[in-house]
Amino acid sequence: MSESPYPGLYRGLIERYRKRLPVAPDTRIISLTEGDTPLIPLENVARAIGHGVQIFAKFEGLNPTGSFKDRGMTMAVTQAVAEGTRAIICASTGNTSASAAAYAARAGIRCFVLIPEGKIALGKLAQAMIQGSVVIQIKGNFDDGMRIVKDMADAAPVAIVNSINPYRLQGQKTAAFEIVDALGRAPDYHCIPVGNAGNISAYWTGFSEYAGIKPKTAACAYCKDTCAFPCPAVTDSRPVMVGYQAAGSAPFMAGHPVAEPETVATAIRIGNPQSWDLAWAAVRESGGWFDALTDEEILKAQRLLAETEGVFCEPASAISVAGLLRDIERGKIREGSLITCTLTGHGLKDPDTAIKQSQGAVLEVPADSTAVRKAILDHL
Ligand SMILES: *Cc1c(COP(=O)(O)O)cnc(C)c1O
């Protein structure tokens, strides 16, 4: 660990978990002080659903660029810079581009982002633009962008920072570490949205590593085991992993890639997940499952979290809670379980969807006290 004149200052996840990450001692760390996100007890939601469950939300929307992508990006960009890379590239449904642009800005390198035409939430586009990346909008979806980015690996001097970059998953596994560190044990279940399927794979790597177990299809094999295997166990159990996809974009339910994925949850509008095998391994090894939810169910959970817990996440994130609540009702979750859900991104990323589903929430009255008083009394 490098010296800091401020010993009490949190300095990002690489410094915190350095021993478990593939980073050399003298490497220049590119960080925005990501990680260390809150684990918020969802007491109102848990009370309403019953079954004696305890539910915690790992609110990844509170990372520096508003999504969990920062955990992976600090590792990917640190490694790219260490290798002397001058430019990075990614395909993105929005959050990867927002994060890549930020870390590239910080590192002083170029960033190219490929985004699908018209299907990117406004906040994410704003981030990529003001943070100085070159935004390339394609007449296609995320999967088209991903295919093109993979072509660029040989065609142009750019490093790919999508989650096929193994350093991304290494950074993202630290969210699982934080959960176990906070609870003092692994949860019984972990529920998570699934798009390109990198994050569920990263969590499984993290939970496994903390239990002193190397996952059978180890993501860490990519970094040639420089991440300190065998590493000391911190806990003796791992959670059941449950991954949720949007019904219109559910290749894991179909058993094959989906050609035209469609969902209001644009962050998981992905038909051809790149971490297919790793994600299946996580679910199989943990005794978990995949399931799909409709846009209606996703938006209902987004509203529920905002209205009853004061937690505003983006639609894709809410699917973890939507799925969990349905699985509790269906009896798939043991009574009295300790459950964690990843809320992957902040609600402010996608203000259009939030406003659209809050239609009628703004009262319009004349500018006088009588009218406002009446409005108050009508709505107490
Ligand atoms: C990227 C993203 C996802 C999907 O994560 P994968 O690793 O691609 O499965 C889910 N929600 C949000 C908000 C995201 O930005």
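Can you bin the range 24-147 into rounded, prolate or oblate? Criterion: square roots of the alpha carbon gyration tensor eigenvalues sorted a ≥ b ≥ c, rounded for a/c under 1.5, prolate for a/b above b/c, oblate for the rest.
On the way: a/c = 2.71, a/b = 1.47, b/c = 1.85.
Oblate, because a/c is 1.5 or more while a/b does not exceed b/c.
Go ahead and set up a Gaussian network model of the chain, Cα springs under 10 Å, then flag whichever of ILE148, ILE355, ILE179 fluctuates most.
Among ILE148, ILE355, ILE179, the largest GNM mean-square fluctuation belongs to ILE355.
Between LYS150, LYS332, LYS214, where does the largest GNM mean-square fluctuation fall for the chain, given springs only between Cα atoms within less than 10 Å?
Its mean-square fluctuation being the largest, the pick is LYS332.
In the chain, carbon and sulfur make up what percent of the accessible area (probe 1.4 Å)? Display every interim value, and only then the final one.
Working: 8680 of 16170 Å².
That share works out to 54 percent.
Give me the number: length gained by fully extending ARG326 to LYS19, i.e. 0.36 nm times residue separation minus the C-alpha to C-alpha distance, one decimal in nm.
106.7 nm
Per-residue ellipticity at 222 nm for the chain, helices alone: DSSP H runs ≥ 4 residues times -39500 (n - 2.57), over residue total, nearest 500 deg cm²/dmol?
Details: 15 runs with 152 residues, N = 380.
Mean residue ellipticity at 222 nm (helix-derived): -12000 deg cm²/dmol.
In square angstrom, what is the accessible area per residue of the range 245-352 with a 1.4 angstrom probe? Provide the component values of the computation, followed by the final result.
Numbers: 4050 Å² over 108 residues.
Heavy-atom accessible area per residue stands at 37 Å².
Find the accessible area per residue for the range 2-117; the probe is 1.4 Å, ligands and nucleic acids are left out, and the unit is Å².
Details: 4610 Å² over 116 residues.
With the other protein chains kept in place, the range 2-117 gives 40 Å² per residue.
Please check: in the Gaussian network model of the chain (C-alpha springs, under 10 Å), which one of ALA80, ALA197, ALA259 has the largest mean-square fluctuation.
ALA259
Would you mind checking LYS124/LYS173; LYS139/LYS349; LYS139/LYS356; LYS58/LYS139; LYS58/LYS124; LYS150/LYS332 for any pair whose Cα atoms are more than 31 angstrom apart? Intermediate results must be reported in sequence, preceding the final value.
Values: LYS124/LYS173 23 Å; LYS139/LYS349 22 Å; LYS139/LYS356 25 Å; LYS58/LYS139 34 Å; LYS58/LYS124 21 Å; LYS150/LYS332 39 Å.
With Cα atoms farther than 31 Å apart: LYS58/LYS139; LYS150/LYS332.
At 7 Å along the Cα-to-beta-carbon direction for both ALA247 and ILE138, put a label point, then send me their distance in nm to one decimal.
2.9 nm
Between GLU335 and ALA48, how high is the FRET efficiency from 1/(1 + (r/R0)^6) when r is the Cβ-Cβ distance and R₀ = 22 Å? Nearest 0.05. Present the calculation step by step, with values, prior to reporting the outcome.
Working: r = 16 Å, r/R0 = 0.71.
The calculated FRET efficiency here is 0.90.
Scan the range 289-380 for GluC sites (Glu not before Pro) in coil per DSSP, keeping those whose Cβ has at most 11 other Cβ atoms within 10 Å, and list them by number. Please list the in-between numbers first.
Numbers: sites: GLU296, GLU297, GLU307, GLU309, GLU329, GLU335, GLU364; in loops: GLU335, GLU364.
In loop regions of the range 289-380 (DSSP not H, G, I, E or B), the sparsely surrounded GluC sites (Glu not before Pro) are GLU335, GLU364.
Work out how much length SER4 to GLN357 would gain on full extension: take 0.36 nm times their residue separation and subtract the Cα-Cα distance, in nm to one decimal. Could the numbers behind the result be given before it?
Numbers: separation 353, 0.36 × 353 = 127.08 nm, distance 4.63 nm.
The span from SER4 to GLN357 would gain 122.4 nm if fully extended.
Whose amide H sits under 5 Å from the amide H of GLY140, counting only residues 5 or more places off or on another chain, with H placed in the peptide plane?
Sorted by chain and number, the residues that satisfy this are GLU117.
The values are calculated or read from the model by the stated rules, or taken from the named source; none is laboratory data. Just so it is clear, the structure is predicted and the values come from calculations on it, not from any experiment. All Cβ positions, glycine included, derive from the backbone under ideal geometry; neighbour counts span all protein chains shown. SASA here: full protein model, heavy atoms, side chains in, ligands and nucleic acids out. Shrake-Rupley method; radii C 1.70, N 1.55, O 1.52, S 1.80 Å.
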